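Everything on this sheet refers to the single structure shown next.
The values are calculated or read from the model by the stated rules, or taken from the named source; none is laboratory data. Small disclaimer: the values here were computed from a predicted structure and weren't measured. Heads up, the Cβs are rebuilt from the backbone with ideal geometry, glycines too, and the neighbour counts pull from every protein chain shown. Protein only, heavy atoms only, side chains kept; ligands, DNA and RNA dropped before computing areas. Shrake-Rupley method; radii C 1.70, N 1.55, O 1.52, S 1.80 Å.
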Amino acid sequence: MIDVLSLNCWKNEGDLATRLPRIADGLAGLGPHIACLQEVYADTHVDVGRALSAATGLPGFVHPMRTKDRGAGRSTAGLAVLTALPVRRVEALALPSNAEDGGRFAQGVDLDAPFGPLRVLNLHLTHLQRGEGLRAAQMEAALAWARTGWSGPILVAGDLNAAADSRAIAALFGAADLVAPPSLPADAGSLHHRPGWVIDHVVLLQAPGFTIERRLVFQDEEAVSDHAGVHARVAAATNR
């Protein structure tokens, strides 16, 4: 069995100096084996990925992306996977983009879980309101990349910026090899102040005989992030 957390760290928005230790405390309290983080901010003075790795004792693998000035000079807001599990390989794939929103990547981390090899796919898809087609293309490219040369379980986590009826969600939740998780409560929302609007997910593919359970954490806690986190438990059915 492994515990997984997916959390959008909200770049440097809000009071980052206050939020950062609270994110670290939240990670420590949940104790995930794997933390998939998005909008992991870094500039010349602050490195959220490195700070969270140091605070939790979990080795961190960070992929910076989307370089721009966010009010403190040149900065990035990338992807990170924190885990103490043995890591075999870390790679990143440039995703389809356009002139309005470029520089997005998928992060892939292959590791040894207690039940065997596991591929982790960490995503943050485009936020563009009119980006339905682009989100779908990003999801399809990321899934094809993750499946290539890999027959074991694939854990997909991240901020998908996609509504329940979107093409991107259909590509993921409509996969024939999806391990169907129990439904979240009807009023659940992973964006604060948006009941029923779940855009953050943790799901499992290519894993017959496994189960996955999910719950939202840090709900309505903008002292942590403007997103709730998704805490998931993955287990081989025979080990339950």
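Right, PHE210: open to solvent by less than 60 Å² (accessible area, probe 1.4 Å), among the aromatic types (Phe, Trp, Tyr), more than 17 Å from the chain's Cα centre (by Cα) and farther than 16 Å from LEU121 by Cα or not?
Yes.
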Original post:
Out of (1) open to solvent by 50 Å² or more (accessible area, probe 1.4 Å); (2) out of contact with any helix residue (DSSP H, G or I) (no Cβ under 8 Å at 6 or more places or on another chain), the odd one out for VAL120 is which?
Top reply: (1)
**OP:** Tell me, please, whether a residue that is surrounded by fewer than 17 Cβ atoms within 10 Å (Cβ to Cβ), closer than 20 Å to VAL230 by Cβ and of a type outside the set (A, V, I, L, M, F, W, C) can be found in segment 53-75.
**Re:** no
Original post:
Does ARG19 satisfy being closer than 18 Å to LEU191 by Cα and basic (Lys, Arg)?
Top reply: yes
**OP:** Just name the residue that is farthest from ILE2 (Cα to Cα) out of those in segment 133-171 that are open to solvent by 40 Å² or more (accessible area, probe 1.4 Å) and modelled with pLDDT under 95.
**Re:** ASP165
**OP:** Filter segment 218-238 for residues that are surrounded by fewer than 18 Cβ atoms within 10 Å (Cβ to Cβ) and of a type in the set (A, V, I, L, M) and give the result.
**Re:** ALA223, ALA235, ALA236, ALA237
